[in-house]
Amino acid sequence: MSKKIVLRETFSDGRKKFALLIDPDKYSLAEIPRIAESAEQAGADFLFYGGSLVIENNHREYIKALKEKC
């Protein structure tokens with residue numbers, strides 16, 4: 001199933017959604033599993049990764065850690 005279809009189906013119920021932005025400049029890689037678990041427990045529909053600066057250059061490790069926990 002394409003990402004476009006998944007997003008369309010996700011929003012078709014008319015209910016509000018909860019997205020969590022994870023700023024890699026504010027959290028260490030070691031904190032990512034705990035944040036992902038907390039987001040899941042809180043009922044987050046989406047996890048966004050990014051920030052205004054994004055100084056660190058280890059994006060793949062952050063994304064991998066998120067995917068492993070979600």
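The table below lists the values:
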{"item": "Counted residues, region 4-20 - those being without any contact (Cβ under 8 Å) to a residue 12 or more places away in the chain and within 15 Å of the chain's Cα centre (by Cα)", "result": "1"}
{"item": "The one condition in (1) modelled with pLDDT of 90 or more; (2) more than 15 Å from the chain's Cα centre (by Cα) that Glu37 fails to fulfil", "result": "(2)"}
{"item": "Flag for Ala65 being over 21 Å from Val6 (Cα atoms) and of a type in the set (Gly, Ala, Ser)", "result": "yes"}
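The values are calculated or read from the model by the stated rules, or taken from the named source; none is laboratory data. Keep in mind that this is a model prediction, so the values were computed, not measured. Here Cβ is always computed from backbone atoms with ideal geometry, including for glycine, and neighbour counts include all displayed protein chains.
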